[in-house]
Amino acid sequence: FRSVDGGGTWHHIDHYFHYVMNVFYDPIDDQHVWAVSDDSLLESTDGGRTFDETLTEFHFHGFAIDPTNADHLLLGSVGTGGLGDDQGRVYASWDAGATWADSSSGLPAEDVSLHTITFWPGNPDVVLAGTYKGGDASHQSGSGVGLFRSADGGTTWSAADLAATDNAWIT
């Protein structure tokens, strides 16, 4: 659903979405919108009126847009389920989603969900990524493996000093 009046009224978007995880507006162009669905990454260039599936390879959850460079995107996969990746991974794009490369160096090879990704405010070189339960496609069993930090814009990762293993959201 889409609202243009602060939630006063809502209009149904005529597109099939399976389990929408997140919706993100481009920080530079408010007509450019990304939606992360359980089985695809979708893109809108008309403010969310219509969406096109841009990537359907895996089960996705985490997503982040570099606040200083909207062409730099990070996408987290899930290592579980019918569309599961072989492990939870982070994929990076430097060309607004036209191409994607594995950007998981330093992440453990585990069956987890790369559930949440966020750029640190004021410093887009610092990115945090949280893992969540990956034992089954419904994320009800198993366990994540923690919080990870990148100091190079999401290219390489190291474990952060946080004991929590399941991180559903970072704000």
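Applying 1/(1 + (r/R0)^6) with r as the Cβ-Cβ distance of Val20 and Ala164 and R0 = 25 angstrom yields a FRET efficiency of 0.50. Rounded to the nearest 10 square angstrom, Phe119 shows an accessible area of 20 square angstrom against a 1.4 Å probe.
In this structure the chain gives 48 Å² per residue of accessible area when probed at 1.4 Å with all protein chains present. In this calculation the C-beta distance from Asp95 to Thr68 is compared with R0 = 22 Å, giving a FRET efficiency of 0.90. Ranking of Trp94, Trp100 by solvent-accessible surface, largest first: Trp94, Trp100 (1.4 Å probe, protein heavy atoms only, all chains present). Per atom type, the chain shows carbon and sulfur on 51% of its accessible surface, probed at 1.4 Å. Provide the solvent-accessible area of Ile13, counting protein heavy atoms only and rolling a 1.4 Å probe, rounded to the nearest 10 Å². Here the accessible area works out near 20 Å². Given the chain, what percent of its DSSP beta bridges are antiparallel, to the nearest 5? Bridges in the chain that DSSP calls antiparallel: roughly 95 percent.
Legend: calculated FRET efficiency, Asp152 to Glu110, from the Cβ-Cβ distance at R0 = 35 Å, rounded to 0.05, equals 0.95. Derived scalar couplings between HN and Hα for segment 100-116 equal 9, 10, 4, 10, 10, 4, x, 7, x, 7, 10, 7, 10, 9, 7, 7, 8 Hz in order, rounded to whole Hz, by the Karplus curve 6.51 cos²θ - 1.76 cosθ + 1.60 (θ = phi - 60°), x for Gly and Pro. The residues Asp30, Asp161, Asp5, Asp166, sorted by heavy-atom accessible surface at 1.4 Å with ligands and nucleic acids left out, run Asp161, Asp30, Asp5, Asp166 from largest to smallest.
Between amide H atoms placed 1.01 Å from N, distances below 5 Å from Ser40 occur with Phe60, all of them 5 or more places distant or on a separate chain. Accessible area per residue (1.4 Å probe, heavy atoms of protein chains only) ranks Thr80, Thr45, Thr156 as Thr45, Thr156, Thr80, with the largest value leading.
Fully extending the segment from Gln31 to His11, taken as 0.36 nm per residue of separation minus the present Cα-Cα distance, adds 5.5 nm. A 1.4 Å probe, protein heavy atoms only, puts the accessible area of His12 near 130 Å².
The values are calculated or read from the model by the stated rules, or taken from the named source; none is laboratory data. Predicted model, so just to flag it, every value in this text is computed and none were measured. No Cβ is skipped: glycine too gets one built from the backbone with ideal geometry, and neighbour counts run over all protein chains shown. All accessible areas refer to the heavy atoms of the entire protein, side chains included, with ligands and DNA or RNA removed. Shrake-Rupley method; radii C 1.70, N 1.55, O 1.52, S 1.80 Å.
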